[in-house]
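What follows is one structure encoded as structure tokens, with my remarks underneath.
The values are calculated or read from the model by the stated rules, or taken from the named source; none is laboratory data. Predicted model only: the values in this text are computed from it and were never measured. Note: ideal-geometry Cβ built from the backbone for every residue, glycine included; neighbour counts use all protein chains shown.
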Amino acid sequence: MTLFSELPISPAILKSIKRMGFEEATPIQAGTIPLSVEGRDIIGQAQTGTGKTAAFGIPMLEKIDAKSPNIQGLIIAPTRELAIQVSEELYKIGSDKRVRVLSVYGGQDIQRQIRAMKKNPHIIVGTPGRLLDHINRRTLKLDNVQTLVLDEADEMLNMGFIDDIESILKNVPSTRQTLLFSATMPGPIRKIAERFMNNPETVSVKAKEMTVENIEQFFVKAHEREKFDVLSRLLNVQSPELAIVFGRTKRRVDELARALEIRGYMAEGIHGDLTQAKRMTVLKKFKEGRIDVLVATDVAARGLDISGVTHVYNYDIPQDPESYVHRIGRTGRAGRTGMAMTFVTPREMNYLRVVEQTTKKKMTQMSPPSSVEALEGLQRAAVDQIKESLEKNNLEEYKVLARELMNENDALDVIAAALKILTKEPDSTPVDITPEAPHQGKKYNKSSRSDDKKYNPRGSGNRGKGGAQPYKGRQRQPRRPSTRQEG
């Protein structure tokens with residue numbers, strides 16, 4: 001264990017970190033910060049949720065001269081959401097040093113960004129396309145940049161930003177310090193490091209930390225036509241507090257979000273075709289708990305930092321193993337436990353081994369819950385509602401009527417009637433989900449999975465015995481279908 005107070009961090013930055021409630025550094029922070037403060041170029045291999053923003057942000061903030069009007073730090077991020085989150089975190093960490101941070105990204109009025117540039121920010125966080133646009137307009141001057149960060153470099157490669165990144169790097173002084181962070185290290189990323197970095201030091205989290213061991217990982221075998229009913233039953237049985245469902249395409253996300261809403265869940269979707277304002281609105285509702293299920297594509301969910309996500313459902317198996325690591329990293333964060341379930345069609349079973357090799361962890365097969373188990377899950381949610389109301393102890397105005405009911409009826413019948421009213425009946429309303437072809441992954445030799453035990457869909461039975469505890473916190477009952485009409 002390494003404390004922030006043991007690292008080479010100035011009092012002003014340390015004060016901000018303590019105010020944010022952090023005392024202990026994560027492994028990537030403990031390994032990166034001392035080397036970065038010394039001025040070394042760094043390649044950091046770490047997945048999302050390991051604290052890498054502070055790992056590169058603290059050294060960058062340490063080098064900032066707050067009295068200077070110049071841009072001294074540049075961070076390139078793949079998505080708007082990540083750029084916003086990084087800038088917000090750096091603002092908090094650098095608040096006592098009075099460091100000014102500005103995020104620039106597509107979908108926002110560029111003239112507004114140009115006006116903000118004139119207020120002399122010290123650090124710019126931006127997406128490749130918008131940064132290059134400002135460079136070409138000569139509204140972004142990078143002559144005084146001392147520290148450059150490439151965040152989630154592998155994702156920027158997957159999104160086709162490699163040429164934009166190279167163009168941006170050519171406009172930054174060669175004397176700069178470069179920090180590159182990525183969950184994986186494909187060949188093109190290593191070539192970037194060779195061309196644009198000066199004898200970089202590599203810092204990787206340990207293998208066991210890269211395999212996200214605080215996440216229980218399962219797979220559910222189901223035909224394409226069965227997947228949505230299986231998802232509905234899993235949601236009923238498990239009652240996740242906050243869940244993310246991943247779909248492979250924008251159409252899939254739209255159809256899943258609508259179908260879940262029809263079945264009575266508070267669900268909305270995000271993908272690249274939505275306006276920035278709409279995406280931010282949906283994310284705000286999810287963070288505040290006004291929706292329980294967020295349906296997303298890989299790109300739209302990349303970089304999201306939302307605490308409290310208890311379950312991840314891979315409705316479609318990811319296109320590549322690296323995306324799987326990013327997806328399930330949405331849960332099990334900050335020392336909490338989480339559950340990840342991947343739906344696999346019979347033709348995708350061989351590809352499952354590829355994913356398992358990436359995570360270095362074999363998934364456990366989970367049996368699809370039956371309709372009876374789904375109803376039992378909803379009944380338990382109703383019981384939880386009653387228990388929660390009892391704990392609040394604000395029932396005085398209802399006790400007179402309660403006594404009348406108890407005098408006229410059997411107490412057990414009264415409680416059973418209340419549970420029946422509170423229980424959301426399993427909904428089998430037909431929904432329209434367009435079938436999609438199975439993932440055409442590389443063929444691997446079939447291996448016997450006969451040793452996979454069938455798994456109780458409610459999770460492991462070792463809670464309270466040092467095992468994973470995927471259901472911490474209040475369990476929410478899925479809402480009844482909305483009565484509003486679509487316009």
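Does Ile135 meet the test of being assigned to a helix (DSSP H, G or I) and touching a Ser or Thr at 6+ places or on another chain (Cβ under 8 Å)?
Working: assigned to a helix (DSSP H, G or I): yes; touching a Ser or Thr at 6+ places or on another chain (Cβ under 8 Å): yes.
Yes, satisfied.
Give region 277-286 a look and list any residue that's free of Cβ contacts under 8 Å to residues at least 60 places away in the same chain and closer than 22 Å to Arg263 by Cα, or say none.
Val282, Lys285, Phe286, listed by residue number.
Being modelled with pLDDT under 90 and either among the small types (Gly, Ala, Ser) or outside the structural domain of Arg302 (by TED's automatic domain parsing) (or both) is the filter here; which residues of region 233-258 pass it?
Within region 233-258, Ser239 is the sole residue that qualifies.
In the set Ala116, Ala30, Ala55, which member is more than 23 Å from Val299 (Cβ to Cβ) and either assigned to a loop (DSSP other than H, G, I, E, B) or within 19 Å of the chain's Cα centre (by Cα) (or both)?
Exactly one of Ala116, Ala30, Ala55 is more than 23 Å from Val299 (Cβ to Cβ) and either assigned to a loop (DSSP other than H, G, I, E, B) or within 19 Å of the chain's Cα centre (by Cα) (or both), namely Ala55.
So which of Ile71, Ile58 ends up being modelled with pLDDT of 95 or more and either surrounded by 24 or more Cβ atoms within 10 Å (Cβ to Cβ) or of a type in the set (Ser, Thr, Tyr) (or both)?
Details: Ile71 fails: either surrounded by 24 or more Cβ atoms within 10 Å (Cβ to Cβ) or of a type in the set (Ser, Thr, Tyr) (or both).
That would be Ile58, the only listed residue that is modelled with pLDDT of 95 or more and either surrounded by 24 or more Cβ atoms within 10 Å (Cβ to Cβ) or of a type in the set (Ser, Thr, Tyr) (or both).
For region 169-181, state whether one or more residues are at pLDDT below 95, outside any loop (DSSP other than H, G, I, E, B), surrounded by fewer than 16 Cβ atoms within 10 Å (Cβ to Cβ) and basic (Lys, Arg).
no
Looking only at region 236-252, which residues are touching a helix residue (DSSP H, G or I) at 6+ places or on another chain (Cβ under 8 Å) and over 14 Å from Ile317 (Cβ atoms)?
Result: Asn236, Val237, Gln238, Ser239, Leu242, Ala243, Ile244.
Results for (1) in contact with a Ser or Thr (Cβ under 7 Å, 6 or more places away or on another chain); (2) surrounded by 15 or more Cβ atoms within 10 Å (Cβ to Cβ); (3) modelled with pLDDT of 80 or more, shown as yes or no for each residue.
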site: Gly338; (1), (2), (3): yes, yes, yes
site: Thr342; (1), (2), (3): no, yes, yes
site: Thr345; (1), (2), (3): no, yes, yes
site: Glu348; (1), (2), (3): no, yes, yes
site: Val354; (1), (2), (3): no, yes, no
site: Lys387; (1), (2), (3): no, no, no
site: Leu390; (1), (2), (3): no, no, no
site: Glu396; (1), (2), (3): no, no, yes
site: Lys420; (1), (2), (3): no, no, no
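Return the residues of region 135-185 that are closer than 15 Å to Gly44 by Cα and without any contact (Cβ under 8 Å) to a residue 40 or more places away in the chain; say none if nothing qualifies.
Ala153
Inspect all residues belonging to region 90-103 and state whether any of them is crowded, with 19+ Cβ neighbours inside 10 Å and of a type in the set (S, T, N, Q).
yes
With respect to Leu142, is the statement that it is touching a Leu at 6+ places or on another chain (Cβ under 9 Å) and outside any helix (DSSP H, G or I) true?
So Leu142 passes the test.
Evaluate the following for Ala83: is it assigned by TED's automatic domain parsing to the domain that holds Val37, out of contact with any Phe, Trp or Tyr (no Cβ under 7 Å at 6 or more places or on another chain) and among the small types (Gly, Ala, Ser)? If you could, list the steps in order and put the result at the bottom.
Details: assigned by TED's automatic domain parsing to the domain that holds Val37: yes; out of contact with any Phe, Trp or Tyr (no Cβ under 7 Å at 6 or more places or on another chain): no; among the small types (Gly, Ala, Ser): yes.
Against the criterion (assigned by TED's automatic domain parsing to the domain that holds Val37, out of contact with any Phe, Trp or Tyr (no Cβ under 7 Å at 6 or more places or on another chain) and among the small types (Gly, Ala, Ser)), Ala83 does not qualify.
Taking Phe22, is it within 25 Å of the chain's Cα centre (by Cα), over 28 Å from Ile162 (Cβ atoms) and among the hydrophobic types (A, V, I, L, M, F, W, C)?
Working: within 25 Å of the chain's Cα centre (by Cα): yes; over 28 Å from Ile162 (Cβ atoms): yes; among the hydrophobic types (A, V, I, L, M, F, W, C): yes.
So Phe22 passes the test.
Can you pull out the residues in region 106-126 that are in contact with a helix residue (DSSP H, G or I) (Cβ under 6 Å, 6 or more places away or on another chain) and at pLDDT below 95?
Residues satisfying the conditions are Gly106, Gly107.
In this structure, does Gly247 turn out to be without any contact (Cβ under 8 Å) to a residue 40 or more places away in the chain and surrounded by 17 or more Cβ atoms within 10 Å (Cβ to Cβ)?
No; evaluated as a whole, the condition is false for this residue.
For region 101-128, give me each residue that is touching a residue at least 60 places away in the same chain (Cβ under 8 Å) and polar (S, T, N, Q).
Matches in region 101-128: Gln108 only.
Can you tell me which residue within region 30-47, out of those that are out of contact with any strand residue (DSSP E or B) (no Cβ under 8 Å at 6 or more places or on another chain) and buried (at least 16 other Cβ atoms within 10 Å of the Cβ), is farthest from Ile64 (Cα to Cα)? Before you say what the answer is, go through the steps one by one.
Taking region 30-47 first, the residues out of contact with any strand residue (DSSP E or B) (no Cβ under 8 Å at 6 or more places or on another chain) are 34, 37-38, 47.
Still in the running and buried (at least 16 other Cβ atoms within 10 Å of the Cβ): 34, 37, 47.
Numbers: Pro34: 16, Val37: 12, Gln47: 26 Å.
So, considering only residues that are out of contact with any strand residue (DSSP E or B) (no Cβ under 8 Å at 6 or more places or on another chain) and buried (at least 16 other Cβ atoms within 10 Å of the Cβ), the one farthest from Ile64 (Cα to Cα) is Gln47.
Would you please name the residue that is nearest to Ile291 (Cα to Cα), looking only at residues in region 226-251 that are within 19 Å of the chain's Cα centre (by Cα) and in a helix (DSSP H, G or I)?
In this case the residue turns out to be Leu235.
Is it the case that some residue within region 196-213 is part of a helix (DSSP H, G or I) and at pLDDT 90 or above?
Going through region 196-213, the residues part of a helix (DSSP H, G or I) turn out to be 196, 207-210.
Right, trim to at pLDDT 90 or above and you get 196.
Yes.
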